[in-house]
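Presented below is the structure to which this report refers.
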Amino acid sequence: MQAEDGIAIAPSAAIMRHYIDSIPTEPAPIVPLVRWIFERRGNAITCEVDMNETQTCDVSVIPHWDFASAFVEHFDGPIHAMERHAEVAQELRDAGWVVTRHLASR
């Protein structure tokens, strides 16, 4: 069925129910391993490592003034992810950024 504005509508509640039932009720648990916030000249960047339940890790670099330019690198385990975090942190410090806050896993 198609509405007047061109949007397709499911013809049956059973079809809609299938999609709703397939949505996970809880996201996979994410464990933050380290999160450092750097500041320079009124700007801030977060560099963090998160691990999921399969032990794969993401290193995220998030400029607070431009979330669209954030990037995430994926790693098979925490060792390489922590090494990459250290590399990024050193590059930021070399460029004049200063760690103003840090959060470690609990």
Specify the residue that is farthest from His102 (Cα to Cα); the eligible residues are those in segment 30-86 that are of a type in the set (Gly, Ala, Ser) and touching a Ser or Thr at 6+ places or on another chain (Cβ under 8 Å). Gly77
Selection within segment 65-77 - within 13 Å of the chain's Cα centre (by Cα) and assigned to a loop (DSSP other than H, G, I, E, B): Ala70
Looking at Gly96, is it surrounded by fewer than 11 Cβ atoms within 10 Å (Cβ to Cβ) and either modelled with pLDDT of 95 or more or closer than 21 Å to Ala28 by Cβ (or both)? yes
Tell me, yes or no, whether segment 74-91 has at least one residue that is closer than 10 Å to Phe38 by Cβ, of a type outside the set (Asp, Glu) and surrounded by 16 or more Cβ atoms within 10 Å (Cβ to Cβ). yes
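The values are calculated or read from the model by the stated rules, or taken from the named source; none is laboratory data. Here the structure is a predicted model, which is why all the values come from computation and not from measurement. Positions of Cβ are generated from backbone atoms using ideal geometry, with glycine treated the same way; all protein chains shown enter the neighbour counts.
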